[in-house]
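The values are calculated or read from the model by the stated rules, or taken from the named source; none is laboratory data. Worth saying up front: this structure is predicted, and the values here are computed from it rather than measured. Here the Cβ is made from the backbone with ideal geometry for all residues, glycine too, and neighbour counts use every protein chain on show.
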Amino acid sequence: MNTPDPFLRAWRGEERLGRAFWLYGVAGSCAILVFCLIAIDGASAAAHQVALLVFGLYTCWALVSIWRSASDEQNYDHLLARALAIPWSMNVLMIVLALEMELLF
């Protein structure tokens, strides 16, 4: 079923890979990261927690969207997108965990 909601389309893998990767993945993650950095500047620990949660959830959504959009076709673009999604997810996990540990200790 084709839905008009672009975020749901991306989550289901129905979006074009280029749009999922470059718009939602790269540009969207950068925008969310800048938003989070601005939000936590001089803010409380609770604001830091919310910012980390928003960043983590958005990145999870973007990476799942990229992974699913890269399925079906087996050309180099799709393989490269999936190959980049793996270290990207590990990098975000390490960043979120490091920042979380900094908040807790």
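General remarks:
- Taken over the stretch 20-55, the criterion of being free of Cβ contacts under 8 Å to residues at least 24 places away in the same chain and either within 22 Å of Ala83 (Cα to Cα) or within 11 Å of the chain's Cα centre (by Cα) (or both) is satisfied by Trp22, Leu23, Val26, Ala27, Cys30, Ala31, Leu33, Val54.
- Some residue of the stretch 65-73 being modelled with pLDDT of 90 or more and touching a Ser or Thr at 6+ places or on another chain (Cβ under 8 Å): no
- Checked against (1) part of a helix (DSSP H, G or I); (2) touching a residue at least 40 places away in the same chain (Cβ under 8 Å); (3) not polar (S, T, N, Q), Glu15 passes all but condition (1).
- The set of residues in the stretch 61-83 being in a helix (DSSP H, G or I) and without any contact (Cβ under 8 Å) to a residue 12 or more places away in the chain consists of Tyr76, Leu79, Leu80, Ala83.
- Any chance Ala47 is at pLDDT 90 or above, assigned to a helix (DSSP H, G or I) and aliphatic (A, V, I, L, M): no
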